[in-house]
1. Please determine, in degrees from 0 to 90 and to the nearest 10, the orientation of helix 86-95 with respect to the longest principal axis defined by the Cα atoms of the chain, where the helix direction is its Cα long axis.
2. Just in the stretch 44-111: which chymotrypsin sites (Phe, Trp or Tyr not before Pro) are loop by DSSP and have at most 12 other Cβ atoms within 10 Å?
3. Rounded to the nearest 10 degrees, what's the angle between the helix 36-46 long axis and the longest principal axis of the chain, both from Cα atoms, 0 to 90?
4. Taking the DSSP beta bridges in the stretch 1-71 as the whole, what percent of them are antiparallel, to the nearest 5?
5. What FRET efficiency comes out for GLU68 versus GLU175 if R0 is 25 angstrom and r is the Cβ-Cβ distance? Round to the nearest 0.05.
6. So for the stretch 2-135, averaging the separation of alpha carbon pairs under 8 Å that are six or more residues apart and normalising by length, what relative contact order in percent results?
7. Between 0 and 90 degrees, rounded to the nearest ten: what's the tilt of helix 108-119 against the longest Cα principal axis of the chain?
8. Count charges around LEU39 for me, please; just the other residues with Cβ under 13 Å from its Cβ, Lys/Arg as +1, Asp/Glu as -1.
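We did not get these values from a lab; they are worked out from the coordinates using the rules stated. Keep in mind that what you see is a predicted model, and the values were worked out from it rather than measured. Positions of Cβ are backbone-derived with ideal geometry, glycine not excepted, and every protein chain shown enters the neighbour counts.
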Amino acid sequence: MIKVVIADHHPITVDGVSDLLRRTNEYKVVGKVYNGTYLKKCLYREHPDLLIIEITIPEISGFRSLRELIEEFPQTKIAIYSTHPEEIYALRSIKSGAAAYIPKTSTPEKFIKALNRIKTGGIFLNAEIAAAFHKHSGKDNSLIGRYRKLSAREIEVLDLLTNGKRNKDIASLLEINEKTVSTYKTRLLKKLKVNSLAELITQSRMLKHS
C-alpha cells in the first residue's frame with residue numbers, strides 16, 4: 001500500500017481525506033499533522049510515499065518551504081491540496097517540484113485520479129493549467145526535442161534523480177563518483193533549460209506522461 005501523510009490546519013479536511021483514502025484500500029494514512037512543527041518529525045519517522053499538504057499551514061508555508069521539503073525528502077512525492085486560486089498557485093507549485101495541485105473544490109473521483117497519476121510517476125494538473133504548463137515549457141525549443149538530445153547516461157541519471165535518488169546513491173548504482181554525478185546534473189540543467197533540481201524532476205515527469 002502507498003503510505004500517506006496528510007498535513008492541513010483544518011482537522012475536518014484531514015479526517016475527510018483520511019476516510020476517503022481508507023475506502024480505496026490502496027492508500028494507508030500513516031500520519032496526520034496540523035502544523036509545520038510536527039511535519040518534519042512525522043516525515044522522518046514514517047518515510048511516506050506521498051505527502052498531501054495545504055500550501056499554507058502554521059509554521060511552514062509557501063513555495064520556499066515546498067522546495068525545502070522536496071530537497072530534504074526526495075523520495076516522498078508531494079500533492080498540494082489547497083483552497084488557493086488554482087490559476088495563481090498551480091503552475092508555481094509544479095515548477096517548485098510538487099507532483100500535483102488539487103483544488104479543494106475537486107470531486108472525490110478527481111482527487112483519487114490525481115493520486116493514482118502520482119502513483120504511476122506522473123504529474124496531475126487540471127487540463128487548462130496543464131496546457132499552460134506545456135506551452136511555457138515549450139518556449140524556444142520543443143521539450144521533447146531537448147530530451148531526445150540527451151545521452152544514454154544522462155537519461156539514466158535523470159531517471160534516478162526523478163525517482164528520488166541522491167548523488168551518493170546514483171554514484172553507487174552507476175559505479176561512478178559523486179563528482180561525476182554532479183557534472184551530469186549540471187549538464188541536464190543546461191540541456192533541458194531549467195534552473196533547479198525541482199524543475200528538472202518536474203520536466204522529466206511531464207515528459208514521461210505527456
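1. Between the helix axis and the principal axis of the chain, the angle is about 50 degrees.
2. Listed in order of number, the matching sites amount to none.
3. 70 degrees
4. 15 percent
5. 0.20
6. Relative contact order for the stretch 2-135 comes out at 19 percent.
7. 30 degrees
8. It works out to a net charge of -2.
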